[in-house]
1. Let's test the formula: R0 of 30 Å, r as the Cβ-Cβ distance of Arg171 and Ser288. What FRET efficiency results, to the nearest 0.05?
2. Which value, to two decimals, describes the C-alpha radius of gyration of the stretch 120-203 once divided by 2.2 N^0.38 Å?
3. How much length would be gained if the chain were fully extended between Trp281 and Thr103, taking 0.36 nm per residue of separation minus their Cα-Cα distance, in nm to one decimal?
4. Listing Trp73, Trp281, Trp287 from the residue with the fewest other Cβ atoms within 10 Å to the one with the most, what is the order?
5. If each of Ser164 and Ala84 carries a label point 7 Å out from its Cα toward its Cβ, how far apart are those two points in nm?
6. Counting Lys +1, Arg +1, Asp -1, Glu -1, what net charge surrounds Ala143 among other residues with beta carbon under 11 Å of its beta carbon?
7. Determine the sum of side-chain charges near Val106: Lys and Arg each +1, Asp and Glu each -1, restricted to other residues whose C-beta is under 12 angstrom from that of Val106.
8. Report the full-extension gain for the segment Asp55 to Gln76: residue separation times 0.36 nm, less the Cα-Cα distance, to one decimal in nm.
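Each reported figure results from applying straightforward, stated rules to the coordinates on display, with no laboratory input. What you see is a predicted model, and the numbers here were worked out from it, not measured in a lab. As a convention, Cβ positions derive from the backbone with ideal geometry for all residues, glycine included, and neighbour counts pool all protein chains shown.
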Amino acid sequence: MRRPLAATGPDTREASQAGFVLPTVLAVLIVVSGLAAAITLRTRATLALTAAARDRIVLDAETDGIVNLVGLWLAQEARGRAPASGLPLDGRAIRCPLDAGRTVTVAVQDQGGLIDLNASPRPVLEEALRRLGIGAGDALAVAAQIVDFRDPDDIPEPNGGAESRRYREERLGYGPRNAPFASPDEIDQLPAMTPATYARLRPALTVHGGTAGFDAARMEWRLAPLLPADALGPLAASRPSDGIRFEVTAMVVAGRGARSIRAGIVALDDPARPAGALLSWRRPTEWSAGEPLAGHAACGPIVALFGAAG
């Protein structure tokens, strides 16, 4: 006997389709909800990043403005067209309150009397390095590698020099510049350099001194914590500063710890540039001028000229 066929009328088909459609719709809704949530989160993140980027641009512009302001002030002061700033010129920093809880910290380092990496002959480099507490052997090697880094030939200096072959042997992935140093930071590329030696040397170096010489007294405040007690003192090759080139470093700190640091070399002697023009810029990643002085007399004019509420 044949069994009757199962009913396949419209009601049965609709029930079957409903059973299939309902989970599908739920799955689609879940996916759409997830996409909507992701889009919302991404939009919020984008808006936050945009606001952060805007705030960063404003902060950088303010820091750049401070460096330019101090450079122009130094230039006008040198020409007798502005009152004396009273800013320390030996790298000591001052901190000034701005509006809305912000602060600006400024340090000015006279480049005269620092060790010029391009102008100093090797004997001056060796003596200066020893005075900075570098051991005799290391002082010879670092001085030799400074000369090799800047000279155009590929012949290593005696007593530890390094030309292209040495860099390849140590797998450094680069070689000597074979041209003048563009920045004192480049000493970090020397094969003989260590983090400790770099930290000791960097505050004493410049590429804007123009002549050979080293005046430890001008850097005593900044270098004393790094040096042996008997390391400081005049050198036979030391010279007084001519007071024409300075590095101005500024840091603006805003709310929630946001900050911007800029540094520029100010030239008072370049006939091809306006007074107070900046020869170069750099963006330090850390503040290295030590604990700043508070309540300095120069803060009043800086805050007033910056346009902030006192």
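1. Values: r = 29 Å, r/R0 = 0.98.
For R0 = 30 Å, the calculated efficiency reads 0.55.
2. Numbers: Rg = 11.7 Å, N = 84, 2.2 N^0.38 = 11.8 Å.
Dividing the Cα radius of gyration by 2.2 N^0.38 Å gives 0.99.
3. Working: separation 178, 0.36 × 178 = 64.08 nm, distance 2.13 nm.
Stretched out fully, the Trp281 to Thr103 stretch lengthens by 62.0 nm.
4. Numbers: Trp73 24, Trp281 11, Trp287 16.
Going from least to most buried by this count: Trp281, Trp287, Trp73.
5. Simple spin-label model gives 5.4 nm for this pair.
6. Details: positive: Arg122, Arg130; negative: Glu126, Glu127, Asp138, Asp148, Glu157.
Here the count lands on -3.
7. On the way: positive: Arg92, Arg95, Arg262; negative: Glu247.
My count for the surroundings of Val106 gives +2.
8. Details: separation 21, 0.36 × 21 = 7.56 nm, distance 3.14 nm.
Residue separation times 0.36 nm, minus the Cα-Cα distance, leaves 4.4 nm.
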